[in-house]
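Report on the following structure.
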Amino acid sequence: MKRIELCALVMVVGCILAAGCATITNRNSENTTTSATFAPFSTPSDPGITRTMTTTATVVTPLKGSLRVSISGISYPANLSVILDNETVGTVMPATPLYLSVSEGKHTVVICVREVCEQEMVTTQFGRYVAVDFSDRLLREVKFPNPTAQPTAQILGYYRNGDDLTVDVEFINPSKEDLLMTVLVSCGYSYIDERTSIRMGDSARGTLAQNVRAGQRITASMDIGLASGHSQSYGAPTIEELIVK
C-alpha cells in the first residue's frame, strides 16, 4: 500500500515538473517584435507670441533747381500772380522778381494780366539757375493793363531838322471806339538875330491829328517851324492840348 502511494506521488511530481518544462520551453521559443514610434518634431504654436517683420524704407528727397521769374521791363505798375504747374506760388512786380526752388524736371510758368496770359516752359536742374522774363511779351500783348485808362498822347522824341523841329508823338486809344485825336505841341527856343546880333526868345506851335482805332496806339511825326537865326537853342517840346472826338 505504501509503495503504491509512493509511486503515485512520484508520478504527480513528475507531471508537475514536465508541465513546468513545457511551459518554459514555449515561453523561450516565442518570437516577440517590439516597434518604437517617434512623433515628428514640431515647434509648438504659441498664440501669445507675435512675430513682427520690420522693413526699413529709404526716403529719397527730390533734388531741386533755382527759378527766377521777372517782369523787369514793364513800364506800368503791376503786381501779377505767378502760376507754376497750375498752382499759384507767389507774385512778381517790375522791381521785385520772384525766386523759387522747385523740383527737377519740366514745369509750366504762367503770368496773366486780366484775360491775357503768357506761358513759358522751363526745365529745372539741381545746381542750375533758370531765369524767365515776361516783359517783352506783356508789353507786346497787353498794351493797356488798366481797363479804365483814358485816351492820351505823349512825345517820344524830337530833333532838329533844318529850321524845323521834328517831334515824334504817340497816340494811345485804350477805349472800345475809334477816335480822332489831335494834339497841340509847343516849344520854346532862342536864337541870335542876324541883323541885330541880339539873342531873341520865342516859341513855336504846331498841331497833329490822327485817327486811332480802338485799343491801338500809333506814332506819327510833325514839324514845328523855328525862326531863322544863328546859335539856335530850344527846350523840350510839350503837349499843350489834346482833343479827342
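Between Met93 and Ser203, the modelled label-to-label distance comes to 3.8 nm, taking each label 7 Å out from Cα in the direction of the beta carbon. Each 10 Å bin, from zero up to the one with the longest distance, holds this percent of the alpha carbon pairs of segment 64-141: 19, 57, 22, 2.
Dividing the convex hull volume of the alpha carbon atoms of segment 152-244 by its residue count gives 71 Å³ per residue.
All of the numbers you see were taken from the coordinates with simple rules; none came from a lab. Values in this document were obtained by computation on a predicted structure and should not be read as measured data. Cβ coordinates were reconstructed from backbone atoms using ideal geometry, including for glycine residues, and neighbour counts include every protein chain displayed.
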